[in-house]
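The block underneath contains the structure these notes are about, expressed in structure tokens.
The values are calculated or read from the model by the stated rules, or taken from the named source; none is laboratory data. Keep in mind the model is a prediction, meaning the values are calculated, not measured. Note that each Cβ is placed from the backbone with ideal geometry, even for glycine, and that neighbours are counted across all protein chains shown.
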Amino acid sequence: MSGRPAIPIPADLLPGDGRFGSGPSKVRPEAVDALAAGAAHYLGTSHRQAAVTSTVERLRSGLAELFALPDGYQVVLGNGGTTCFWDMATFGLIEDHSLHLAFGEFSSRFASVVGAAPHLSSPEVVTAPAGTRPQLPTGAGGRADAYALTHNETSTGVAMEVRRPDPGGDALVLVDATSAAGGMQVDPSQFDAYYFAPQKCFAADGGLWVALLSPAALARPKALAATGRWTPPFLDLSLAAAASARDQTVNTPALATIFLMVDQVEWMLANGGLEWAASRSEASAAILYGWAEASDIATPFVADPADRSPVVATIDLDPALDALAVAGHLRANGILDTEPYRKLGRNQLRIGMYPAVDPGDVSALTACIDHVAARLA
Ligand SMILES: *Cc1c(COP(=O)(O)O)cnc(C)c1O
């Protein structure tokens with residue numbers, strides 16, 4: 001920070017930690033300290049040796065425990081983040097036809113990746129206006145061999161329950177859980193691929209993708225290869241699964257990211273697991289939405305309380321109050337990344353409420369917004 005903020009916020013109102021980004025998001029200082037303490041025997045060492053493979057093993061077994069994965073499910077990881085996994089799914093998980101629920105930037109992006117793939121038929125895309133959630137059309141998906149769902153649409157702050165659209169059918173259920181995984185409860189029997197990246201609820205850096213894969217999801221890339229489909233090796237889920245089974249990755253991963261993610265997974269497990277982690281986000285969400293509903297200057301953007309995300313809140317501000325100006329004044333006081341998702345184009349704040357964020361800090365944030373708003377009015 002340089003200079004005195006134009007609207008200084010008194011120290012007793014400020015949150016203990018000012019990071020409210022929706023991704024990258026707050027990394028717990030304890031995890032950074034642990035990384036520094038262990039660095040000499042970990043950072044800058046071979047990813048094919050025990051110091052690193054044992055850390056990957058802790059990550060994979062920790063995630064299997066956190067999500068209570070049934071027998072036969074596998075934790076698979078690799079480089080490239082969720083965006084890379086979309087391409088892998090396009091080659092390895094969709095046979096010909098997919099049905100997508102698209103209700104924001106991220107869910108739409110996967111649908112357009114699939115739409116551009118010359119080896120697949122045009123996907124069926126069910127859309128809904130920003131701030132709402134599409135319903136599966138009845139009788140839809142008769143032709144679909146994969147459903148693409150998004151547990152939490154990070155661009156709009158809309159969440160949906162993960163449930164098989166067609167229980168007992170052969171279609172795979174692929175769930176983009178990038179911002180939900182670790183902060184929302186989920187039943188593994190309801191998905192075949194639950195994929196995410198470390199920079200949201202897992203409070204680490206970006207760059208990796210992680211996927212929890214069912215036996216049916218693990219079998220599909222092999223079946224497609226047997227039909228003669230060519231897959232770029234880097235996007236081959238079978239190769240990634242084989243490397244992961246040895247607690248390795250196909251190519252060199254970011255070791256710090258893996259370390260920070262393990263720290264977060266083990267922190268969640270030590271405190272009570274996924275139920276506890278989700279309850280942290282729910283507590284933050286109750287504070288933030290409760291404040292917005294009672295406020296004269298703020299309103300939750302998502303009208304239906306049942307669709308409101310517990311991990312990413314979108315809060316519309318009174319038109320007389322410029323949200324970017326509010327976010328700028330917060331930033332000048334060390335409260336970071338409350339700006340809206342740029343392409344949504346609304347006068348709103350977007351707040352990450354991942355498990356690493358202390359609900360008490362969310363409460364402090366509301367007082368800081370009120371403080372800035374009163375002085376801008
Ligand atoms: C952040 C995010 C992504 C993109 O993740 P990358 O790791 O940056 O590719 C995709 N989907 C959702 C729902 C996200 O929140």
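Listed values, structure above:
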{"read-out": "Some residue of segment 244-253 being within 23 Å of A148 (Cβ to Cβ) and either outside any helix (DSSP H, G or I) or over 16 Å from the mean Cα position of the chain (by Cα) (or both)", "value": "yes"}
{"read-out": "Qualifying residue in segment 350-373 (condition: in contact with a helix residue (DSSP H, G or I) (Cβ under 9 Å, 6 or more places away or on another chain), outside any loop (DSSP other than H, G, I, E, B), over 21 Å from A177 (Cβ atoms) and without any contact (Cβ under 8 Å) to a residue 60 or more places away in the chain)", "value": "no"}
{"read-out": "Which listed residue is away from the ligand (no atom under 16 Å from the Cβ), free of Cβ contacts under 8 Å to residues at least 24 places away in the same chain and surrounded by 12 or more Cβ atoms within 10 Å (Cβ to Cβ), from A11, A34, A39", "value": "A39"}
{"read-out": "Sole exception among (1) away from the ligand (no atom under 16 Å from the Cβ); (2) touching a residue at least 60 places away in the same chain (Cβ under 8 Å) for P167, by number", "value": "(2)"}
{"read-out": "Residues of segment 175-222 classified as away from the ligand (no atom under 16 Å from the Cβ) and touching a residue at least 12 places away in the same chain (Cβ under 8 Å), total", "value": "15"}
{"read-out": "Counted residues, segment 320-350 - those being farther than 17 Å from H371 by Cα and either of a type in the set (A, V, I, L, M, F, W, C) or more than 16 Å from the ligand (Cβ to nearest atom) (or both)", "value": "4"}
{"read-out": "Unique residue being polar (S, T, N, Q), crowded, with 22+ Cβ neighbours inside 10 Å and either within 20 Å of W86 (Cα to Cα) or modelled with pLDDT of 95 or more (or both) when the list is Q199, Q190", "value": "Q199"}
{"read-out": "Among the candidates V173, V158, V125, V162, residue that is surrounded by fewer than 23 Cβ atoms within 10 Å (Cβ to Cβ), among the β-branched types (V, I, T) and within 20 Å of the chain's Cα centre (by Cα)", "value": "V162"}
{"read-out": "Selection count, segment 254-274, where residues are surrounded by fewer than 17 Cβ atoms within 10 Å (Cβ to Cβ) and within 17 Å of the chain's Cα centre (by Cα)", "value": "0"}
{"read-out": "Residues located in segment 210-243, provided they are part of a helix (DSSP H, G or I), crowded, with 17+ Cβ neighbours inside 10 Å and in contact with an Asp or Glu (Cβ under 8 Å, 6 or more places away or on another chain)", "value": "A217, R220, P221, L224, L235"}
{"read-out": "Scope segment 300-323; condition outside any loop (DSSP other than H, G, I, E, B), surrounded by fewer than 15 Cβ atoms within 10 Å (Cβ to Cβ) and not small (G, A, S); matching residues", "value": "P305"}
{"read-out": "Members of segment 63-81 found to be under 16 Å from A197 (Cβ atoms) and not aromatic (F, W, Y), listed by number", "value": "L63, L66, V75, V76, L77, G78, N79, G80, G81"}
{"read-out": "Checking L149 against (1) assigned to a loop (DSSP other than H, G, I, E, B); (2) without any contact (Cβ under 8 Å) to a residue 60 or more places away in the chain; (3) crowded, with 19+ Cβ neighbours inside 10 Å; (4) not small (G, A, S), the condition it does not meet", "value": "(1)"}
{"read-out": "Members of segment 32-50 found to be closer than 14 Å to Q248 by Cα, among the small types (G, A, S) and part of a loop (DSSP other than H, G, I, E, B), listed by number", "value": "S46"}
{"read-out": "Any strands (runs of 3 or more DSSP E) falling wholly within segment 52-145 and containing at least 1 residues that are within 16 Å of the ligand (Cβ to nearest atom) and in contact (Cβ under 8 Å) with a residue 40 or more places away in the chain", "value": "74-79, 98-102"}
{"read-out": "Lone unmet requirement of (1) surrounded by fewer than 17 Cβ atoms within 10 Å (Cβ to Cβ); (2) without any contact (Cβ under 8 Å) to a residue 60 or more places away in the chain; (3) assigned to a loop (DSSP other than H, G, I, E, B) for G334", "value": "(2)"}
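Yes/no per residue for (1) closer than 19 Å to Y42 by Cα; (2) touching a strand residue (DSSP E or B) at 6+ places or on another chain (Cβ under 6 Å):
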site: G207; (1), (2): yes, no
site: A211; (1), (2): no, yes
site: R246; (1), (2): yes, no
site: M268; (1), (2): no, no
